[in-house]
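Below: the structure, in structure tokens.
The values are calculated or read from the model by the stated rules, or taken from the named source; none is laboratory data. From a predicted model like this one, the values you see are computed outputs, not experimental measurements. Here the Cβ positions follow ideal geometry from the backbone for every residue, glycine too, while neighbour counts run over all protein chains shown. Ligands, DNA and RNA are excluded from the accessible area calculation, which covers all protein heavy atoms including side chains. Shrake-Rupley method; radii C 1.70, N 1.55, O 1.52, S 1.80 Å.
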Amino acid sequence: MAWDAPVARRATSLAFTGLTLAAVLGVAGLVFLGQFGVPTPLVDGGYWALGVLLAALIVLGAHHYREAANLAIVSGLSGVTRVVPGAFILALAGAIFSWGHDGLAFGIGLGAGCLLLQLIIAPRMAQAGATSLAELVAVRFPGRMTRVTCAAVIALSMLALLVAELMAAGLIGARVLGIGYAAATAVAGVAVLACFALRGLRSSAWTNGALVPLLLIALGLPLVILSAVWYGVPIPQIAYANALWQVQGVEEMLLEQDLADPAFMRPMLTPFVALTPTNFLGIVLGLAAGAAVVPAVLGLSPAAQRSTRSARSAALWTLAFVVLLLTLFPVAAAYAKLSLATLVADRTPVAELPAWVFTYGQLGLLQICERAATDVESVIAACAALPDGGGALALHDVAIDPDAVLLAMPEMTGLSRGAFGLLAVAGLAVVLTTALGPLGAAVRTLLGDGRTRDAAASASRAPFAVGLALAALFVAIAVAVASRHPAGIVEVATWALTATAAGLFPTLFAALWWRRATTAGAIAGMLAGLAVALVYLVGTQQFPVHFYEAQEVISGSGATGDEYFAQLKEAWLEAEPGEAQVLAWAALDAHARSAASLWGIGNLAAALLGLPAGIFALIAVSLLTRAGSASTESEPLSPQRVNLGA
Amino acid sequence: MPDQSPPESDAVGRERGARGRQVRLPIVALAAGAFLAFAVPRFVQPLNLVDVLAFPFGYYMAAQGILLGFLTIGIISARWHNRREGRDTKVS
């Protein structure tokens, strides 16, 4: 054997510790420079450069010491960045901040996905000897049509995930570079492409795990400090119980003092205010199935391929780190919420609002009195223009973009600039490196790489320029979509995982566990699942009016009985062409978007429709085509079969 | 199903023996996971009436308890399967 486990373990822990220390020292150096008169924009630009440098180091490091990737803990750490995309890491705290209890659905879903990966995906894939979903599907369901369908579904769903990652990178870029969000997204796209060129097509992503300790420090350390200082308990997961009760107390006080509008308030502890129970469970289902499939799409780590036992241990490490990470986001959300609510409860005059309010206001991420809070004068003018304006700020007057909450948390809670810098650096490095996963998977699958080991070898001899050109095309499309900011980061990331789940989970599950599944069934499952999920996601989001009018055919409820909709439509039809018609359409579109849903299922919970559609199509077509199917399709999986297939 | 593959070495045979026994879905673990993920969130409101570690219990479960439950299921399931595989390998 070329490596020795204890030596590899020592070398890897040294390398990971070194990288974490380097990042912390780098941030400390920048903070130091800031205190000695270096302008803040330069220091912030330094954070961006440090984040990109870290990502580049991670990518370059993956070319060396690949033996270390065989260690279960290293494999488990890199699994964290496969199961929880960087976009979620940035946006989860914001989701809990703005949705209260209902925002916890995302964390539960990702955790459940991790458990599914450990229980039914990773060990069984190791048993089958498959390294990725594309390879497994190509061997288990042979045929050109399956390969093409699988490649198309993977490319589409990974593109959606790339959009979410670029949105997150764009947000951090906009904050630290002080440039517009669209420009920051494009710059992030270039950085991702550069990292892709450095990594190459088939290089391992095992070093991504090195970012997890850094991320835990960047996220956990501020929370430990706040917990210790505020409540005397240095364990955030325990201490924030106090913050929750305080938030509830402040919220009740604000309601009594008319400083909060009950129509807009989403109390932190009250369930099912932002989501119905059905939609809550739909999100959990979609993220669970999606997060379980994505690592298989991206390709399992070497440790996960060695044996079922090794795959199980690696997935267990992943689960442990994911649970640790996910339990920190509700704490960050509670502390941020408490800080903001206290700011309002203290009746802070506009002139004395903290600087972070205007920093995020200038980026368009924070509004006060319905206008971006760019400076004190504009806030005073905006509030005076409101019908009941002029008095103290109310909680509903201050609207911070949920995506920005985690980044703003250190400043909101009064921590030093270093805490923000470390979070920005770690967040950027994580988002950039995790963006490479979906990009690489999409390019590889379109090149026909990864289907089987031999094909992979031949494809990797194909000119790298072709892969790079494809990657550039993907990044360009993703940047174009991301810069339009189609919705919040957490929404886009959830849609991406939902599409992945609906398109690929039934087929992956059947390939691993159901002998009677046939090639035709697999194709039908992938197409039906993805089609239903996409029609629902795109229909309710992009064409709500048409969707609302059409939904009566399926669900029995729709536009016909909706008098308000009829009025708005009439107003639009009768409006003069020009601005009046545009405004009338906007009103109609907004109403239809709020009402367009089948059986009350919101588009974040589209897995409730897409997954059953995929499962039903797979089972029905498999049973119907069973008699005519090739005998190889019904054989159980075994390493021999896979290797023979290759 | 009759195995028509060529004769295997002892090591491969033992490995396949272990693998052959391990083809069943981990139904109990999956059911426990599904209960935590889908049933517990439905009962947040009544659970919130109880305080645990100073938390309203329903919120605690949604924020941490369910995730810790997943981890527990993962650990128990991994130990159980690893032990069974080890036993099967010894037997064959």
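Once Lys and Arg get +1 and Asp and Glu get -1 on their Cβ, which of A:MET167, A:TRP99, A:ILE154 lies farthest toward the positive end of the dipole of region A:47-171?
Toward the positive end, the furthest listed residue is A:ILE154.
Test of understanding: what is the full-extension gain from A:ARG266 to A:VAL376, defined as 0.36 nm times their sequence separation minus their Cα-Cα distance?
36.9 nm
Once label points are set 7 Å from the Cα along Cα→Cβ at both A:ALA399 and A:VAL233, what is their separation, rounded to one decimal in nm?
Label-label distance for A:ALA399 and A:VAL233, simple model: 3.6 nm.
At 1.4 Å probe size, with no ligands or nucleic acids counted, give the accessible surface of A:ASP589 in Å², nearest ten.
In the full protein context, A:ASP589 sits at about 30 Å².
Just want the answer: with Cβ charges of +1 for Lys and Arg and -1 for Asp and Glu, which residue in A:LEU363, A:PHE141, A:ALA205 is farthest toward the dipole's positive end in the protein assembly as shown?
A:PHE141
Heavy atoms only, probe 1.4 angstrom, no DNA, RNA or ligands counted: give me A:HIS485, A:HIS64 ranked by accessible area, highest first.
Descending order: A:HIS64, A:HIS485.
Rounded to the nearest 10 Å², what accessible area does A:TYR231 show when all protein chains are kept and the probe is 1.4 Å?
For A:TYR231, solvent-accessible area is about 50 Å².
Go through chain A and flag any cysteine with no other cysteine's C-beta closer than 4.7 Å, please.
A:CYS114, A:CYS150, A:CYS195
Largest first, what is the accessible-area ranking of B:ARG84, A:ARG347 with a 1.4 Å probe?
A:ARG347, B:ARG84
Evaluate E = 1/(1 + (r/R0)^6) for B:ARG24 and B:THR72, where r is the Cβ-Cβ distance and R0 equals 22 Å; express this FRET efficiency to the nearest 0.05.
0.55
About the Cα centre of chain A, how large is the charge dipole given +1 on each Lys and Arg Cβ and -1 on each Asp and Glu Cβ? Please answer in debye to the nearest 20.
For chain A, the charge dipole is close to 3700 debye.
What average number of partner chain Cβ atoms lie no more than 10 Å from the Cβ of the residues making up A:116-126?
Per residue, the average neighbour count from other chains is 4.
Of A:THR12, A:THR17, which has the most accessible area and how do the rest follow, probe 1.4 Å?
Output order, biggest surface exposure first: A:THR17, A:THR12.
Please report the Cα spread of the protein assembly as shown along all three principal axes, rounded to whole Å, starting with the longest.
Its Cα atoms span 87, 65, 57 Å along the three principal axes.
Heads up, I need the accessible area for A:LYS337: 1.4 angstrom probe, whole protein in place, Å², nearest 10.
Estimated to the nearest 10 Å², A:LYS337 gives 30 Å².
Could you work out how far the C-alpha centroid of region A:38-52 sits from that of region A:216-248, in angstrom?
Using only Cα atoms to place each centre, the spacing works out to 28 Å.
Other chains' Cβ within 10 Å of A:309-319 residues: what's the mean?
For peptide A:309-319, the averaged partner shielding equals 3.
Mind ordering B:66-77, B:45-56 by average Cβ neighbours within 10 Å, highest first?
B:66-77, B:45-56
What spacing in nm lies between the two simple spin-label points modelled at A:MET145 and A:GLU570, each 7 Å away from Cα in the Cβ direction?
Each label point is offset 7 Å from its Cα along the Cβ direction, giving 5.1 nm.
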